[in-house]
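Let me begin by presenting the structure, written as structure tokens, before commenting on it.
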Amino acid sequence: MTSAPIWRQSILNERHRELGSKLEESWNDMAIPQHYATDPYEETEAVRTRAGLFDVSALKIINVGGKDALAFLNQLVTADITKVPAGRSAIASIVGDDGGLIDDVLIYVDGDGAFRLSHGGGALEEALPLVAEGFDVTFSRDNDVHILSLQGPKALDILAPHTPFDLKGLPYFGHGKTTLFGVPVSLARGGYSAERGYEVFCAAKDAIALWDKILEAGKPFGAMPVSWDCLDIVRVEGALLFFPFDMPHKDTTPFEVLMDWSVDLSKPDFRGKAALVARKGTERTHQAGLEVLAAKAIAPGAKIFKDGAEVGVVNSTTYSRHLMKSLALVSLRPDVTALGTAVSVVDGEESFEANVVRTPFYDPMRLRTHPLDERG
């Protein structure tokens, strides 16, 4: 994370200070609890075996409405939003006229022409007015909304007794308005941990009470508040990309980070479509995963070599105590991405052997987020 100017503040900052955070880091114009007094590996163990509660209010939420909202979104993003029913959401890429990624966005379809866009540190908001010309559409940032994310195998057991919503029946990437502990919220199934989890969207005035009530309800299950240090670990273990840190080129295409699934070239048109059509099949690098023979995390930016030639770069890393491995999300020349390919990673003055492996590193069959009994 960076030390960018801070324009927004989470109402939960006092809770974070009580947990040992100095709130010195920021992301997306908001101070974040990067560190707590607890060990991030203990926090990770809680997420993997019980449940951990994150404050991810630093995500920016944009409300979109108007007669042409759907047509506008379909022009803005690479996915076909007409295929997403009300009560579901979808990840889409946003590219510039050159086909390079400028952001990724999670689009919540609320129904009746209403949509919510959740995004991180990219240029979505700069693109909105450029694409909106000629559309009857409105869009506005919701700086009041707070997002609490309870992640882990016990998340359902903790939340379900306290909402009338059929949380067990909620599909992955499903969402709906309801109440939690009697408070109006929107609940969504998803998250950034590679575990089953739920995100609670609430008003700022309700966030502290909900934070406390979730942790109180989770106490018998061993739930605990968890920091962004933990978030960095679990998202790398789950091979979940983070814009722009996993996009090494200034004009990285969705195809170069293996997000082909987020692009629907059968749509009549969208911003950057012509460039993507022209650039498909010309990828300079492909996203891949490395297990590094090291007892520590490798520094992002480390160079990757094969037979003496530079073939890639390290993007995001962690040392996973849970898996007992040094993990790296990397960009590699496409011809060296075959599973089992041996490479070397040069980190400063040190060189380490590494191998291309299947991702996600953790739960490669995604059984935690997509249980077999829920697959159609």
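The values are calculated or read from the model by the stated rules, or taken from the named source; none is laboratory data. What you see is a predicted model; the values in this text were computed from it and never measured. Because the Cβ atoms are built from the backbone with ideal geometry, glycine has one as well, and the counts that use them run over all protein chains shown. What goes into the accessible areas is simple: the full protein's heavy atoms, side chains included, and nothing from ligands, DNA or RNA. Shrake-Rupley method; radii C 1.70, N 1.55, O 1.52, S 1.80 Å.
Brief remarks on what is shown
- A 1.4 Å probe run over the range 285-363, with the rest of the protein chains in place, finds 45 Å² accessible per residue.
- Qualifying lysines (Cα of each under 26 Å from Cα of Lys219; at least 8 residues distant if same chain): Lys22, Lys154, Lys168, Lys177, Lys205
- Ranked packing of 279-285, 60-66, 50-56, most packed first, by mean Cβ within 10 Å: 50-56, 60-66, 279-285
- Note on the chain: Cα convex hull, mean projected area over all directions, 18.7 nm².
- In the elastic network of the chain, a GNM with C-alpha springs shorter than 10 Å, the most mobile of Ser331, Ser140, Ser227 is Ser140.
- The phi torsions of the range 325-333, fed into the Karplus equation with coefficients 6.51, -1.76 and 1.60 and a -60° offset, translate into couplings of 8, 8, 10, 9, 8, 9, 10, 10, 4 Hz, rounded to whole numbers, with Gly and Pro shown as x.
- Annotation for the range 289-328: trypsin sites (Lys or Arg not before Pro) lying in DSSP loop with at most 15 further Cβ atoms inside 10 Å of their Cβ are Lys296, Arg321.
- In this structure, the amide hydrogen of Ala79, modeled 1.01 Å from its nitrogen in the peptide plane, lies closer than 5 angstrom to those of Ser93, Asp264, counting only residues at least 5 positions away or on a different chain.
- Accessible surface calculations at 1.4 Å, restricted to protein heavy atoms, place the range 137-230 at 38 Å² per residue.
- Relative to one another, the C-alpha centroids of the range 229-270 and the range 164-203 are positioned 24 Å apart.
- Taking amide hydrogens as placed 1.01 Å from N in the peptide plane, the amide H of Thr179 sits under 5 Å from those of Phe165, Val185, each at least 5 positions away in sequence or on another chain.
- Whole-angstrom gap from the range 302-376 to the range 13-82, using each part's C-alpha centre: 25
- Where N is the number of residues in the range 285-363, Cα Rg divided by 2.2 N^0.38 Å: 0.96
- Extension gain, Lys280 back to Leu372 (0.36 nm per residue minus Cα-Cα distance, nm): 29.8 nm
- Computed [θ] at 222 nm, deg cm²/dmol, the chain (DSSP H ≥ 4; -39,500 (n - 2.57); rounded to nearest 500): -5000 deg cm²/dmol
- Only protein heavy atoms count here; under a 1.4 Å probe, Trp228 has an accessible surface of about 10 Å².
- Within straight-line reach of Lys250, meaning a Cα separation under 26 Å, sit the following lysines at least 8 residues removed in sequence or on another chain: Lys60, Lys267, Lys273, Lys280, Lys303, Lys306.
- Taking amide H as placed 1.01 Å from N in the peptide plane, the amide H of Ile32 sits under 5 Å from that of Glu25, Ser26, Trp27, each at least 5 places away or on another chain.
- Solvent-accessible area assigned to carbon and sulfur over the chain amounts to 54 percent, based on a 1.4 Å probe.
- Taken one residue at a time, the phi angles of the range 9-21 give Karplus couplings (6.51, -1.76, 1.60, θ = phi - 60°) of 9, 6, 5, 8, 4, 5, 4, 5, 5, 4, 8, x, 6 Hz. Gly and Pro are set to x.
- Largest mean-square fluctuation among Ala207, Ala194, Ala299, in a Gaussian network model of the chain whose springs join Cα atoms under 10 Å apart, belongs to Ala299.
- Taking the chain and dividing mean pair separation by its residue count, relative contact order in percent (alpha carbons under 8 Å, at least six apart): 17
- Calculated FRET value between Glu24 and Asp269, using beta carbons and R₀ = 30 Å, to 0.05: 0.10
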